[in-house]
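First the structure, in the form of C-alpha coordinates, and then the observations on it.
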Amino acid sequence: DAKTTQPPSMDCAEGRAANLPCNHSTISGNEYVYWYRQIHSQGPQYIIHGLKNNETNEMASLIITEDRKSSTLILPHATLRDTAVYYCIALKAAGNKLTFGGGTRVLVKP
Amino acid sequence: GAGVSQSPSNKVTEKGKDVELRCDPISGHTALYWYRQSLGQGLEFLIYFQGNSAPDKSGLPSDRFSAERTGGSVSTLTIQRTQQEDSAVYLCASSLAGGWTGELFFGEGSRLTVL
(Lines give C-alpha, C1' and ligand atoms only; values in the text may rest on other atoms or scores of the structure.)
Protein backbone atom coordinates (compact mmCIF):
# COMPACT_ATOMS: atom_id res chain seq x y z
CA ASP A 1 0.00 0.00 0.00
CA ALA A 2 1.17 3.51 -0.81
CA LYS A 3 2.75 5.60 1.93
CA THR A 4 0.77 8.62 3.07
CA THR A 5 2.14 11.82 4.57
CA GLN A 6 0.18 14.07 6.91
CA PRO A 7 1.13 17.08 9.02
CA PRO A 8 1.62 15.97 12.62
CA SER A 9 -0.76 18.51 14.07
CA MET A 10 -3.06 21.40 13.30
CA ASP A 11 -5.43 23.71 15.11
CA CYS A 12 -8.74 24.97 13.87
CA ALA A 13 -11.44 27.25 15.18
CA GLU A 14 -14.78 25.94 16.34
CA GLY A 15 -17.48 26.53 13.74
CA ARG A 16 -15.01 26.93 10.90
CA ALA A 17 -14.18 24.40 8.23
CA ALA A 18 -11.20 22.19 8.96
CA ASN A 19 -9.15 21.14 5.92
CA LEU A 20 -6.87 18.19 6.57
CA PRO A 21 -4.30 17.47 3.84
CA CYS A 22 -2.79 14.12 2.91
CA ASN A 23 -0.12 13.32 0.35
CA HIS A 24 -0.05 9.93 -1.34
CA SER A 25 2.13 10.56 -4.37
CA THR A 26 2.88 6.86 -5.03
CA ILE A 27 -0.73 5.74 -4.89
CA SER A 28 -1.67 3.18 -7.53
CA GLY A 29 -4.82 3.06 -9.58
CA ASN A 30 -6.55 0.44 -7.47
CA GLU A 31 -5.82 1.98 -4.08
CA TYR A 32 -8.55 3.71 -2.16
CA VAL A 33 -8.02 6.67 0.14
CA TYR A 34 -9.49 6.11 3.60
CA TRP A 35 -9.89 8.46 6.53
CA TYR A 36 -10.36 7.39 10.12
CA ARG A 37 -10.20 9.34 13.33
CA GLN A 38 -9.46 8.43 16.91
CA ILE A 39 -10.89 10.46 19.72
CA HIS A 40 -8.95 10.21 22.96
CA SER A 41 -9.39 6.87 24.74
CA GLN A 42 -11.68 5.46 22.06
CA GLY A 43 -11.23 3.04 19.20
CA PRO A 44 -10.76 4.51 15.71
CA GLN A 45 -13.86 5.55 13.81
CA TYR A 46 -14.36 5.34 10.06
CA ILE A 47 -15.06 8.69 8.39
CA ILE A 48 -15.06 8.32 4.63
CA HIS A 49 -13.26 6.74 1.70
CA GLY A 50 -12.95 7.29 -2.04
CA LEU A 51 -11.16 6.16 -5.16
CA LYS A 52 -11.24 8.94 -7.75
CA ASN A 53 -14.36 11.00 -7.25
CA ASN A 54 -15.00 13.42 -4.44
CA GLU A 55 -17.17 11.97 -1.73
CA THR A 56 -19.44 13.45 0.91
CA ASN A 57 -21.31 11.99 3.82
CA GLU A 58 -22.83 13.26 7.03
CA MET A 59 -19.46 13.55 8.70
CA ALA A 60 -17.15 15.03 6.10
CA SER A 61 -16.18 15.59 2.49
CA LEU A 62 -13.23 14.03 0.71
CA ILE A 63 -11.60 15.89 -2.14
CA ILE A 64 -9.15 13.86 -4.23
CA THR A 65 -6.97 15.65 -6.78
CA GLU A 66 -7.29 14.63 -10.39
CA ASP A 67 -3.85 12.97 -10.37
CA ARG A 68 -4.78 11.25 -7.08
CA LYS A 69 -1.48 12.21 -5.52
CA SER A 70 -3.13 14.06 -2.67
CA SER A 71 -6.45 14.50 -0.94
CA THR A 72 -8.13 16.75 1.60
CA LEU A 73 -10.60 15.81 4.28
CA ILE A 74 -12.99 18.63 5.04
CA LEU A 75 -14.93 18.90 8.26
CA PRO A 76 -17.42 21.60 7.26
CA HIS A 77 -18.19 23.03 10.70
CA ALA A 78 -15.68 21.82 13.26
CA THR A 79 -16.90 21.30 16.80
CA LEU A 80 -14.95 20.67 19.98
CA ARG A 81 -15.95 17.01 19.68
CA ASP A 82 -13.97 16.78 16.45
CA THR A 83 -10.71 17.06 18.39
CA ALA A 84 -8.97 13.79 17.53
CA VAL A 85 -6.13 12.18 15.60
CA TYR A 86 -7.07 11.85 11.94
CA TYR A 87 -5.54 9.08 9.85
CA CYS A 88 -5.26 9.03 6.07
CA ILE A 89 -4.64 5.57 4.63
CA ALA A 90 -4.13 4.24 1.11
CA LEU A 91 -5.44 0.73 0.73
CA LYS A 92 -5.64 -1.68 -2.17
CA ALA A 93 -8.86 -3.45 -2.94
CA ALA A 94 -9.19 -7.19 -2.28
CA GLY A 95 -9.08 -7.43 1.43
CA ASN A 96 -5.76 -5.99 2.51
CA LYS A 97 -5.17 -5.04 6.11
CA LEU A 98 -5.52 -1.43 7.17
CA THR A 99 -2.22 0.03 8.37
CA PHE A 100 -2.27 3.27 10.34
CA GLY A 101 0.49 5.87 10.15
CA GLY A 102 1.09 8.78 12.50
CA GLY A 103 -1.95 10.80 11.55
CA THR A 104 -2.71 14.48 12.19
CA ARG A 105 -3.56 15.56 15.71
CA VAL A 106 -6.37 18.10 15.27
CA LEU A 107 -7.26 20.44 18.09
CA VAL A 108 -10.49 22.38 17.70
CA LYS A 109 -10.37 25.53 19.77
CA PRO A 110 -13.32 27.60 21.00
CA GLY B 1 -24.59 -7.38 19.90
CA ALA B 2 -24.70 -4.00 18.25
CA GLY B 3 -20.96 -3.46 18.06
CA VAL B 4 -17.59 -5.10 18.54
CA SER B 5 -17.26 -6.30 22.09
CA GLN B 6 -13.94 -6.81 23.85
CA SER B 7 -13.15 -8.29 27.22
CA PRO B 8 -11.75 -7.69 29.68
CA SER B 9 -11.78 -3.92 29.40
CA ASN B 10 -8.90 -3.74 31.84
CA LYS B 11 -6.36 -6.36 32.83
CA VAL B 12 -3.50 -6.01 35.26
CA THR B 13 -1.07 -8.89 35.37
CA GLU B 14 2.35 -9.74 36.66
CA LYS B 15 5.34 -10.12 34.40
CA GLY B 16 5.66 -13.69 33.19
CA LYS B 17 1.97 -14.57 33.38
CA ASP B 18 -0.13 -15.50 30.36
CA VAL B 19 -3.16 -13.42 29.37
CA GLU B 20 -6.08 -13.95 27.02
CA LEU B 21 -8.02 -11.14 25.43
CA ARG B 22 -11.34 -11.80 23.78
CA CYS B 23 -13.08 -10.15 20.85
CA ASP B 24 -16.70 -10.66 19.74
CA PRO B 25 -17.06 -9.14 16.27
CA ILE B 26 -20.26 -7.84 14.76
CA SER B 27 -22.43 -10.74 13.66
CA GLY B 28 -21.87 -11.58 10.01
CA HIS B 29 -18.54 -9.79 9.72
CA THR B 30 -16.02 -12.07 8.07
CA ALA B 31 -12.91 -9.98 8.64
CA LEU B 32 -11.36 -9.47 12.05
CA TYR B 33 -8.30 -7.48 13.03
CA TRP B 34 -6.18 -7.05 16.13
CA TYR B 35 -4.17 -3.89 16.75
CA ARG B 36 -2.34 -2.59 19.76
CA GLN B 37 -1.64 0.95 20.86
CA SER B 38 0.99 1.79 23.43
CA LEU B 39 0.59 4.96 25.46
CA GLY B 40 0.89 8.00 23.22
CA GLN B 41 1.71 5.90 20.18
CA GLY B 42 -0.03 5.02 16.93
CA LEU B 43 -1.91 1.85 16.09
CA GLU B 44 0.25 -1.18 15.43
CA PHE B 45 -1.25 -3.93 13.27
CA LEU B 46 -0.96 -7.40 14.81
CA ILE B 47 -3.04 -9.96 12.92
CA TYR B 48 -5.87 -10.19 10.39
CA PHE B 49 -8.42 -12.96 9.83
CA GLN B 50 -10.50 -13.11 6.65
CA GLY B 51 -13.08 -15.87 6.38
CA ASN B 52 -11.50 -19.29 6.12
CA SER B 53 -8.21 -18.01 4.71
CA ALA B 54 -4.97 -18.40 6.61
CA PRO B 55 -4.57 -15.39 8.90
CA ASP B 56 -2.06 -12.65 8.16
CA LYS B 57 0.21 -12.83 11.20
CA SER B 58 2.83 -10.48 9.88
CA GLY B 59 2.35 -7.94 12.67
CA LEU B 60 2.77 -10.23 15.66
CA PRO B 61 5.84 -8.90 17.51
CA SER B 62 7.13 -12.22 18.85
CA ASP B 63 6.23 -15.88 19.19
CA ARG B 64 4.77 -15.10 22.61
CA PHE B 65 1.80 -13.66 20.76
CA SER B 66 -0.83 -15.83 19.10
CA ALA B 67 -4.43 -15.50 18.08
CA GLU B 68 -7.18 -17.77 16.95
CA ARG B 69 -10.63 -17.31 15.61
CA THR B 70 -13.08 -20.08 16.30
CA GLY B 71 -15.99 -20.77 13.99
CA GLY B 72 -15.32 -17.61 12.05
CA SER B 73 -16.60 -15.49 14.91
CA VAL B 74 -15.03 -14.96 18.33
CA SER B 75 -11.29 -14.35 18.46
CA THR B 76 -8.84 -14.73 21.31
CA LEU B 77 -5.46 -13.02 21.46
CA THR B 78 -3.06 -14.81 23.77
CA ILE B 79 0.13 -13.33 25.15
CA GLN B 80 2.42 -15.79 26.90
CA ARG B 81 5.02 -14.87 29.50
CA THR B 82 3.99 -11.23 29.45
CA GLN B 83 6.64 -8.51 29.57
CA GLN B 84 6.28 -4.90 30.68
CA GLU B 85 6.62 -3.71 27.09
CA ASP B 86 3.41 -5.62 26.29
CA SER B 87 1.48 -3.00 28.26
CA ALA B 88 -0.87 -1.34 25.79
CA VAL B 89 -4.46 -1.07 24.67
CA TYR B 90 -5.34 -4.01 22.44
CA LEU B 91 -8.00 -3.10 19.89
CA CYS B 92 -10.12 -5.46 17.85
CA ALA B 93 -12.00 -4.49 14.70
CA SER B 94 -14.29 -6.28 12.29
CA SER B 95 -15.65 -5.58 8.85
CA LEU B 96 -17.95 -7.22 6.35
CA ALA B 97 -15.30 -8.49 3.95
CA GLY B 98 -11.87 -7.01 4.42
CA GLY B 99 -10.84 -3.42 5.02
CA TRP B 100 -11.11 -2.29 1.46
CA THR B 101 -14.87 -2.49 1.44
CA GLY B 102 -15.06 0.54 3.65
CA GLU B 103 -15.71 0.58 7.30
CA LEU B 104 -13.85 -1.17 10.06
CA PHE B 105 -15.76 -1.19 13.32
CA PHE B 106 -13.53 -1.02 16.35
CA GLY B 107 -14.19 -2.15 19.88
CA GLU B 108 -13.32 -0.05 22.89
CA GLY B 109 -10.17 -2.06 23.53
CA SER B 110 -8.65 -4.08 26.32
CA ARG B 111 -6.13 -2.15 28.40
CA LEU B 112 -3.32 -4.46 29.51
CA THR B 113 -0.93 -3.43 32.25
CA VAL B 114 2.01 -5.70 32.99
CA LEU B 115 3.64 -4.98 36.34
Out of B:SER62, B:SER53, sole residue that is away from every other protein chain (no Cβ under 14 Å) and among the polar types (S, T, N, Q): B:SER62
For the range B:1-28: of the residues being hydrophobic (A, V, I, L, M, F, W, C) and open to solvent by less than 40 Å² (accessible area, probe 1.4 Å), which is farthest from B:GLN83 (Cα to Cα)? B:ILE26
Strands (runs of 3 or more DSSP E) wholly inside the range B:20-115 that include at least 3 residues being hydrophobic (A, V, I, L, M, F, W, C) and within 19 Å of B:SER7 (Cα to Cα): B:31-37, B:44-50, B:88-95
Return a yes/no flag: does the range B:96-111 have any residue that is open to solvent by 20 Å² or more (accessible area, probe 1.4 Å), within 14 Å of another protein chain (Cβ to nearest Cβ) and farther than 25 Å from A:ALA90 by Cα. yes
Scan the range A:8-40 for residues that are under 13 Å from the mean Cα position of the chain (by Cα), open to solvent by less than 40 Å² (accessible area, probe 1.4 Å) and closer than 16 Å to A:ARG105 by Cα and jot them down. A:ALA18, A:LEU20, A:CYS22, A:TRP35, A:TYR36, A:ARG37, A:GLN38
Taking the stated definitions as given, is A:THR4 among the hydroxyl-bearing types (Ser, Thr, Tyr) and surrounded by fewer than 20 Cβ atoms within 10 Å (Cβ to Cβ)? no
Would the range B:66-85 turn up any residue that is within 27 Å of A:PRO8 (Cα to Cα), of a type in the set (Asp, Glu) and more than 12 Å from the chain's Cα centre (by Cα)? yes
Quick check on this structure: which one of A:LYS69, A:LYS97 is of a type in the set (D, E, K, R) and more than 14 Å from chain B (Cβ to nearest Cβ)? A:LYS69
Selection from the range B:30-40 of residues that are open to solvent by 20 Å² or more (accessible area, probe 1.4 Å), farther than 13 Å from A:GLY43 by Cβ and in contact (Cβ under 8 Å) with a residue 40 or more places away in the chain: B:THR30, B:SER38, B:LEU39
Condition first: away from chain B (no Cβ under 13 Å) and not in a strand (DSSP E or B). Now tell me which residues in the range A:1-27 satisfy that. A:ALA2, A:LYS3, A:PRO7, A:GLU14, A:GLY15, A:ARG16, A:ALA17, A:HIS24, A:SER25, A:THR26, A:ILE27
Do you know which residues across the range A:56-84 are part of a loop (DSSP other than H, G, I, E, B) and touching a residue at least 40 places away in the same chain (Cβ under 8 Å)? A:ARG68, A:LYS69, A:PRO76, A:HIS77, A:ALA78, A:THR79, A:THR83
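The values are calculated or read from the model by the stated rules, or taken from the named source; none is laboratory data. As the structure is a prediction and not an experimental result, all values here were calculated from the model. Glycine also receives a Cβ, built like all others from the backbone with ideal geometry; neighbour counts cover every protein chain displayed. What goes into the accessible areas is simple: the full protein's heavy atoms, side chains included, and nothing from ligands, DNA or RNA. Shrake-Rupley method; radii C 1.70, N 1.55, O 1.52, S 1.80 Å.
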